[in-house]
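The values are calculated or read from the model by the stated rules, or taken from the named source; none is laboratory data. Since we're looking at a predicted model, the values are computed, not measured. A quick note on method: Cβ atoms are made from the backbone with ideal geometry, for glycine too, and the neighbour counts reach across all protein chains shown.
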Amino acid sequence: MGGGSILDATQVNLSSVFFFSYNNIKPLTILGQKILFVTAHPDDESYLAAGTIYKNYQAGGQSFLLCATLGEKGRFHCKENVTESQLKKIRKWELTAAAKFLKISQLTILNLPDCTLSQKLNQKTLLKKILILIKKIKPDLIASFGQDGISGHLDHITTGQVSRSAAKKLKIPFLSFCCPPKLKSAQDQLRLRRKHGRYAPKINYSTFNIKIKVDPKIKLKALKIHRSQLDRGNPFSKLPEGAAEEMLRNEYFSTRFNRT
Ligand SMILES: [Zn+2]
């Protein structure tokens with residue numbers, strides 16, 4: 001796989017999707033390995049990687065999940081007035097149930113304050129905790145956000161940056177979540193509908209070079225476990241037509257890191 005080519009994992013045997021580590025020498029497979037997923041909020045894992053996590057389990061691999069916050073600011077879909085501490089409990093339960101459903105080997109929740117990960121002190125704590133976990137579980141790969149943070153959410157961008165530094169430090173190949181193409185083209189529309197969180201003013205999208213075809217039923221079920229985040233039962237209420245379908249059927253990753 002040379003630079004710039006798109007590898008469609010659906011066209012080859014999924015257990016032999018190859019990509020290359022930093023030095024471009026050692027080929028690695030993505031499924032059937034020990035993968036540490038690092039996310040910012042409960043439900044990020046289900047939107048971006050639920051199908052891959054499950055497929056990794058089916059391929060004999062193990063997935064670990066570290067989630068930095070309990071997403072206590074994500075209250076906009078809750079009908080009743082819930083406090084932040086009540087929402088933390090609900091989202092912790094949901095994330096634990098989703099992790100169990102996706103056969104995640106170990107879930108680690110840091111409970112850092114939501115929407116503040118870009119603050120220096122929180123970045124430091126996050127880095128420290130990720131390094132400790134990597135040393136303990138010794139993953140073959142680390143997957144987290146790229147510099148676009150999918151939506152440009154600053155918590156996502158920080159989580160990706162910190163995870164990538166940790167991966168680099170311990171010389172573990174890094175994989176970034178990539179925005180599905182139709183979702184990318186709908187970002188201007190989505191931007192207007194945002195009700196919480198802090199976002200980067202401009203998003204530099206990474207381009208995927210791994211596309212994994214996933215089971216839409218598994219993905220939808222994982223998303224629906226995060227009930228507090230559903231809008232009348234729908235995990236895709238904010239998305240334009242086509243983008244939801246795309247998100248349910250494929251997951252996108254990049255082994256390159258777009259610095260520009
Ligand atoms: Zn998130």
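Filter the stretch 210-242 down to residues that are among the basic types (Lys, Arg) and in a loop (DSSP other than H, G, I, E, B) and give me whichever is surrounded by the fewest Cβ atoms within 10 Å (Cβ to Cβ). Lay out the reasoning, then the answer.
Residues of the stretch 210-242 among the basic types (Lys, Arg): 211, 213, 217, 219, 221, 224, 227, 232, 238.
Those still in the list that are in a loop (DSSP other than H, G, I, E, B) too: 232, 238.
Working: 232: 7, 238: 15.
The qualifying residue surrounded by the fewest Cβ atoms within 10 Å (Cβ to Cβ) is 232.
Name the residues in the stretch 66-89 that are modelled with pLDDT of 95 or more and either in contact with a strand residue (DSSP E or B) (Cβ under 6 Å, 6 or more places away or on another chain) or away from the ligand (no atom under 16 Å from the Cβ) (or both), would you?
Across the stretch 66-89, the qualifying residues are 66, 67, 68, 69, 70, 89.
Across the stretch 56-107, which residue is surrounded by the most Cβ atoms within 10 Å (Cβ to Cβ) among those that are β-branched (Val, Ile, Thr) and outside any helix (DSSP H, G or I)?
Looking only at the stretch 56-107, we keep the residues that are β-branched (Val, Ile, Thr), and these are 69, 82-83, 90, 96, 104.
Right, trim to outside any helix (DSSP H, G or I) and you get 69, 82-83, 104.
Numbers: 69: 27, 82: 15, 83: 10, 104: 21.
Out of the qualifying residues, it is 69.
Would you say residue 183 is in contact (Cβ under 8 Å) with a residue 24 or more places away in the chain and within 22 Å of residue 61 (Cβ to Cβ)? Outline the logic, then answer.
Working: in contact (Cβ under 8 Å) with a residue 24 or more places away in the chain: yes; within 22 Å of residue 61 (Cβ to Cβ): no.
It is false that residue 183 is in contact (Cβ under 8 Å) with a residue 24 or more places away in the chain and within 22 Å of residue 61 (Cβ to Cβ).
Only one residue in 143, 167 is in a helix (DSSP H, G or I), among the aliphatic types (A, V, I, L, M) and either without any contact (Cβ under 8 Å) to a residue 60 or more places away in the chain or within 16 Å of the ligand (Cβ to nearest atom) (or both). Which one? Lay out the reasoning, then the answer.
Values: 143 fails: in a helix (DSSP H, G or I).
Checking each option against the conditions leaves just 167.
Looking for something under 17 Å from the mean Cα position of the chain (by Cα) and among the hydroxyl-bearing types (Ser, Thr, Tyr) - is there at least one such residue anywhere in the stretch 120-143?
No, the stretch 120-143 has no match at all.
Pairs only if they're at least six apart or on different chains, beta carbon under 7 angstrom, first in the stretch 29-44 and on the phi > 0 side of the Ramachandran plot and in contact (Cβ under 8 Å) with a residue 12 or more places away in the chain, second in a helix (DSSP H, G or I) and within 16 Å of the ligand (Cβ to nearest atom); list them, first residue then second.
The qualifying pairs are 43/229.
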